[in-house]
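Report on one structure; see the data block that follows.
We did not get these values from a lab; they are worked out from the coordinates using the rules stated. No experiment lies behind these values; they were computed from the predicted model shown. For neighbour counting, all protein chains shown are included, and Cβ atoms are generated from backbone atoms with ideal geometry for every residue, glycine included.
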Amino acid sequence: MDAVETAHRLADELLFPVALETDAAGVIPLASLDALADAGLYGAALPDDLEATCAVLEALAGGCLSTAFVWMQHLGVLRAAMFCEDAHIREEWSEPLARGDRRGGLALGGALPGPPLITAHETDGGWLLDGSSPWLSGWGRIDVVHTGARTDDERLVWMFVDARESDTLRVELQDLMTLRATATVRADFDGHFAPDERVVSVAPFTPGATPPEVLRIHASLALGVAGRCCRLLGASPLDDELDACRARLAALDPERIAADRADAGELAVRAAVVLMVHTGSRSILLDLHPQRLAREALFASVYALRPASRDALLRRLGAA
């Protein structure tokens, strides 16, 4: 069984049956994450192919968006370890992360355009981190945080920081309307020391357009939610729309990928509304899936929304 088939099986047999319970919880069940790791989906059995990886993410998102979202963050940490120029980082981290023995999250505060939210100052044997990263998911289920921080001379330093609170690293839970089980926190750094042996890369900070591949990955969350809505509805014209949207995204057309990403979000929201209308007034009950999928569709439509995709989505919604 390949990774995509495995992801669909786990989504249908494990994640979706407990999605409502997970949605109501404050943290993702360890059994769900362990099952992904045991199946090799933490990296060991993943194909080195963008579309296949997106298909896995879409399948998992259709089972439980919270689980898929935390899993997606981990993949970024794994790739950072695998392609690190430092052999010590590769040898120490790649295999444990790929097996799921160690799990990772992302703190992007220093890597975002504009003034840095996290700064790094070089010191003896390492770096001191200051500032905040507003969105760090998986707290309590991750071991390491791939953290981006900016230097005074506009370099971007990426490092692996232990996911543990201390006198210099504090976290505060974000009160989300959905995906509460991702245990998303704001991480505050106050002179937090990161040793040199945990530094993954140091390079000039060169912000630019978001690569089409990243937008393709983000859109997979919306496609997964839309796909689950379509399956619960039964055959409808939305099925063809979903296939067409996926095909456009797979083309990675730099001229329209932002609009394609917006289309995926709009389709997820519309499919969730159709499911609620189809279900009727019962759809607002917290023990039924339509309301959960509607909230997840809203999340997927605005998550990491870049300006071009935001403008396209507003036009799609008639509010440009």
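If we count other beta carbons within 10 Å of each Cβ, what is the order of M82, M177, fewest first? The partial results should precede the final answer.
Values: M82 16, M177 8.
By the 10 Å Cβ count, ascending, the order reads M177, M82.
Given the -39500 (n - 2.57) contribution per DSSP H run of 4+ residues, what per-residue ellipticity at 222 nm results for the chain, rounded to the nearest 500 deg cm²/dmol? Numbers along the way, then the final one.
Working: 11 runs with 151 residues, N = 320.
It comes out at -15000 deg cm²/dmol, rounded to the nearest 500.
Could you check the spin-label model distance between E5 and E51? Points 7 Å from the Cα along Cα→Cβ, value in nm.
Each label point is offset 7 Å from its Cα along the Cβ direction, giving 1.9 nm.
Binning at 5 Å from 0, report for the stretch 18-86 what percent of all alpha-carbon pair distances ends up in each bin.
Taking all Cα pairs of the stretch 18-86, the binned fractions are 3, 15, 26, 26, 15, 8, 4, 1, 0 percent.
Could you calculate the FRET efficiency of R310 with L176 from 1/(1 + (r/R0)^6), where r is the beta carbon distance between them and R0 is 30 Å, rounded to 0.05? Write out the running numbers ahead of the final one.
On the way: r = 20 Å, r/R0 = 0.65.
With R0 = 30 Å, the Cβ-Cβ based efficiency is 0.95.
Sticking with the crude label model, points 7 Å out along Cα→Cβ, report the distance from L112 to A87 in nm, one decimal please.
Inter-label distance under the simple model: 3.8 nm.
Multiply the residue gap between A235 and L252 by 0.36 nm, knock off their C-alpha separation, and tell me the result in nm, one decimal place. List each step's numbers first, then the result.
Numbers: separation 17, 0.36 × 17 = 6.12 nm, distance 2.78 nm.
Working it through step by step, the gained length comes to 3.3 nm.
Give, as ranges by residue number, the residues of the stretch 298-320 whose backbone N falls under 18 Å from the point 7 Å along Cα→Cβ of R79.
Only 303-306 fall inside the zone, counting backbone N under 18 Å.
Measuring from a point 7 Å past the Cα of E197 along Cα-to-C-beta, which residues in the stretch 125-163 have an amide N at less than 15 Å?
125-127, 160-162
Applying 1/(1 + (r/R0)^6) with R0 = 41 Å to the Cβ-Cβ distance of R99 and S281, what FRET efficiency is obtained, to the nearest 0.05?
On the way: r = 46 Å, r/R0 = 1.13.
According to the calculation, E is roughly 0.30.
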